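Data first, discussion second: the structure below is written as structure tokens.
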Amino acid sequence: MKIADILKPECIIPNLDGKTKKDILTRLARPIAENYRVDLEEMVSALLNREKLGSTGIGDGVAIPHAKVSGLSVIAASVGISREGLKFDALDGKPCYIFFLLMAPANTSSGHLKALARVSMLLKNPDTRKRLIELQDVKNLYAAIMDQDSKLPI
């Protein structure tokens, strides 16, 4: 699975903001809801329920919120960047700057795990994280993500 298979440029938010987890998750989920015609409230509810199991703020300024939802037929992603950093209860206690949201169909089993692994691999590189935080528009963010993804093993 390549990130190009799950991320559309329309689902990139170059200036993500939000005061609460719900605000942040709603902003991240909205482009997926609009592009894939999925119920936004259901998505946000599923994401908040997933957060109750443990924060998806994995540290190093990265959060990978994810959940399964009915009404979605493919795995879909959105990306949000906050240059100031947002509180997201990350495991290291630090703010998150890069948010890579993954939504999967309710009946999928391994596809979402492959997507999580791919995103984790992509964001493991400190240079990639730094570059994404510096970029300020959708076109360059999308190009940078695709460029870095193309360098990863399949």
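Just a few scattered comments:
- Selected residue (criterion: farthest from G71 (Cα to Cα)) from residues of the stretch 28-41 that are more than 11 Å from the chain's Cα centre (by Cα) and either hydroxyl-bearing (S, T, Y) or surrounded by 17 or more Cβ atoms within 10 Å (Cβ to Cβ) (or both): P31
- With respect to being free of Cβ contacts under 8 Å to residues at least 40 places away in the same chain and either at positive phi or surrounded by 15 or more Cβ atoms within 10 Å (Cβ to Cβ) (or both), G80 falls outside the description.
- A single entry from K139, K94, K124 fulfils the requirement of being within 24 Å of K22 (Cα to Cα) and basic (K, R): K94.
- Qualifying residue in the stretch 18-25 (condition: modelled with pLDDT of 95 or more, assigned to a helix (DSSP H, G or I) and surrounded by fewer than 19 Cβ atoms within 10 Å (Cβ to Cβ)): yes
- Meets criteria (loosely packed, with under 15 Cβ neighbours inside 10 Å and touching a residue at least 24 places away in the same chain (Cβ under 8 Å)) for I154: yes
- Helices (runs of 4 or more DSSP H) wholly inside the stretch 48-154 that include at least 1 residues being within 18 Å of R30 (Cβ to Cβ): 138-150
- For K8, the stated conditions do not hold, so it cannot be described as modelled with pLDDT of 95 or more and buried (at least 17 other Cβ atoms within 10 Å of the Cβ).
The values are calculated or read from the model by the stated rules, or taken from the named source; none is laboratory data. Please read these numbers as outputs of a predicted model, since none were measured by experiment. For neighbour counting, all protein chains shown are included, and Cβ atoms are generated from backbone atoms with ideal geometry for every residue, glycine included.
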